[in-house]
C-alpha cells in the first residue's frame with residue numbers, strides 16, 4: 001500500500017474516499033503536518049496502489065488497512081476517514097484493537113430505501129461523465145463555472161476549490177480500476193454494522209456537512225444511533241467533503257478532538273477560512 005508521510009509528532013492516518021488518493025487531503029495536509037506525523041495512504045485500487053487480488057469491498061479494504069498498520073507497527077494510530085474512508089474507519093473502530101481516536105467525515109453506508117438508488121445512480125452517471133471528459137479536465141478544473149458544474153453534488157462551494165485539487169481528484173476517479181465494483185458494493189452490498197454503547201473506548205467523532213448531497217444529512221441520525229459512543233459535529237455551509245469546504249474547522253476537529261458546540265462558533269471559523 002503506497003503512502004506519503006509528512007510532519008512530526010503523534011502519528012495520524014488519513015484515509016480517502018471512493019476513487020480518491022492521498023492527494024484528496026491537500027487542503028488540510030500542511031495544516032495537519034504542522035502538528036502531527038501524517039500518514040496518508042492510497043487504498044488498494046486507488047492512486048499508486050494496485051488493487052487487491054480478490055473482491056474489493058469496505059471489509060476487504062479494512063482487512064488490508066489493518067495488515068498495513070500491523071506491518072508498519074502503527075496499531076492504535078489516530079485516524080481520519082472521508083466518505084467511503086469514513087465508513088471504513090468506522091468499521092475498524094467497531095472491530096476494536098486497531099485504531100485510536102477516529103474522525104469519520106460524512107461516512108457512507110447509512111442510506112435507506114430510495115436513498116441508496118439515488119446514491120448509486122448519481123455517482124454511476126458522474127463517473128462516466130468524468131471519464132468521458134478527461135481530455136478537457138484541465139480546462140474544466142481551471143474554470144470557476146467548470147468546477148461548479150462538475151462538483152455541485154460534492155461541494156457547497158465548488159467554485160472556491162483549488163483547480164489542482166479538483167484535477168487530481170478527477171484524474172484518480174477516472175483511473176481507479178475498482179471504482180465501479182466498490183460503488184455497487186457500497187450501495188447494494190453488505191450493510192454497515194454498528195457498535196453497542198460502551199464498546200468503543202477511544203474517542204470517536206462523526207462529522208457531517210449540512211449540505212451534503214451524497215450522504216444526506218438525515219443519515220447522520222442513523223449513524224449516531226448505530227455508533228452511540230460517537231460525538232457528532234455539523235459543518236455549516238459544507239457539502240460532502242468538510243476538508244474541502246471548511247478546511248480550518250475540519251483541521252480543528254482533527255487536531256483538537258473537540259466538537260464545536262454552537263453554530264456561531266462554526267460560522268466564525270468559516271469566516272476565518274474565507275479570509
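Miscellaneous remarks
- A count restricted to region 27-58 and to residues that are part of a helix (DSSP H, G or I) and touching a helix residue (DSSP H, G or I) at 6+ places or on another chain (Cβ under 7 Å) stands at 5.
- Residue within region 45-64 that is in contact with a strand residue (DSSP E or B) (Cβ under 7 Å, 6 or more places away or on another chain) and on the phi > 0 side of the Ramachandran plot present: no
- Residue tally, condition in contact with a helix residue (DSSP H, G or I) (Cβ under 9 Å, 6 or more places away or on another chain), under 18 Å from residue 123 (Cβ atoms) and in contact (Cβ under 8 Å) with a residue 60 or more places away in the chain, over region 209-248: 10
- Close contacts from region 77-91, counting a first residue that is in contact (Cβ under 8 Å) with a residue 24 or more places away in the chain and at positive phi and a second that is crowded, with 24+ Cβ neighbours inside 10 Å and part of a strand (DSSP E or B), with Cβ to Cβ under 9 Å and a gap of 6+ residues or different chains, come to 83/105.
- Criterion applied to 266, 214 was being at pLDDT below 95 and either at negative phi or surrounded by fewer than 16 Cβ atoms within 10 Å (Cβ to Cβ) (or both), and the one residue passing it is 266.
- The single residue among 70, 131, 116, 95 that is touching a helix residue (DSSP H, G or I) at 6+ places or on another chain (Cβ under 9 Å) and closer than 30 Å to residue 8 by Cβ turns out to be 95.
- Whichever residue in region 240-262 is assigned to a loop (DSSP other than H, G, I, E, B) and more than 12 Å from residue 205 (Cα to Cα) and, among such residues, is modelled with the lowest pLDDT: 262
- Comparison of 40, 93, 67 shows that the only residue that is buried (at least 24 other Cβ atoms within 10 Å of the Cβ) and either more than 16 Å from residue 24 (Cβ to Cβ) or modelled with pLDDT under 95 (or both) is 93.
- Enumeration of residues in region 76-115 that are part of a strand (DSSP E or B) and within 10 Å of the chain's Cα centre (by Cα): 80, 81, 82, 103, 104, 105
The values are calculated or read from the model by the stated rules, or taken from the named source; none is laboratory data. Bear in mind that the values here come from a model prediction, so they are computed numbers and not experimental data. A quick note on method: Cβ atoms are made from the backbone with ideal geometry, for glycine too, and the neighbour counts reach across all protein chains shown.
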